[in-house]
Amino acid sequence: MARPGGNLTGINFFNRELVGKQLEFLRELMPSAKRIAVLVNPTEATVTEGTLRDVEPAARAKGLQIQVVHASTSREIDAAFAAFARERPDALFIASDPFFASRRLQLSLLAMRHALPAVYSGREYAEVGGLITYGSDITDAYRRAGDYVGRILKGAKPEDMPVVQADKLELIVNVQSARALGLTVPQSLLIAADEVIE
């Protein structure tokens, strides 16, 4: 939400800032992974630029090579997975993106169909079969947004309200999907997980 004068107020979900940790969890699940495909949506330029700015140094630090793939339509997602089937990256990183969240079922099903372990940014992916997710707890963030709106309705001025970080994060591991991919989830990940989907 923009304040007068160009300042911002509201809730920051800061999923892009979690890229390094997402790659770390993926690497913990797949220690032999070397090549990671990174799926981004070019129509969300700010999100894509931020993701790439964060993912490239994080991948380098973990000895991973990345291949950036763009998709902004359902057909382009299908084409991206057809390319993955030919090029066989070791794993897939799905950027945090509203369009991808709306296509979570397609993304999760294609990742499973192509036996491509993937890491996602939100719970909703794990709930439809995504392997591993790490990101802001959206339910908690929406609750905080509701509190924010309530304060405004009671007379608080948005321009006087700071940007609030959605600081509750959650790691969800879908063990059922891991088994289908032939992966054994390390005990350390199971212990660290906020939720394990059996």
Taking the stretch 20-78 and keeping only residues that are basic (K, R) and out of contact with any Lys or Arg (no Cβ under 7 Å at 6 or more places or on another chain), one is left with K21, K34, R35, R53, R60, R75
A careful count of residues in the stretch 124-155 that are at pLDDT below 70 and either in a strand (DSSP E or B) or under 16 Å from K21 (Cβ atoms) (or both) gives 1
In the stretch 30-48, anything surrounded by fewer than 19 Cβ atoms within 10 Å (Cβ to Cβ), among the polar types (S, T, N, Q) and closer than 18 Å to R103 by Cα is listed as T43
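Which residues, counting only those in the stretch 76-123, are assigned to a helix (DSSP H, G or I) and under 10 Å from the mean Cα position of the chain (by Cα)? Spell out the reasoning first.
Restricting attention to the stretch 76-123, the residues satisfying the condition of being assigned to a helix (DSSP H, G or I) are 76-87, 98-102, 104-113, 123.
Scanning the stretch 76-123 gives F100, A101, R123.
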Filtering the stretch 49-75 for residues that are crowded, with 18+ Cβ neighbours inside 10 Å and either part of a loop (DSSP other than H, G, I, E, B) or touching a Pro at 6+ places or on another chain (Cβ under 6 Å) (or both) leaves a count of 2
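The values are calculated or read from the model by the stated rules, or taken from the named source; none is laboratory data. Quantities reported herein were computed from a predicted structural model and do not represent experimental measurements. A quick note on method: Cβ atoms are made from the backbone with ideal geometry, for glycine too, and the neighbour counts reach across all protein chains shown.
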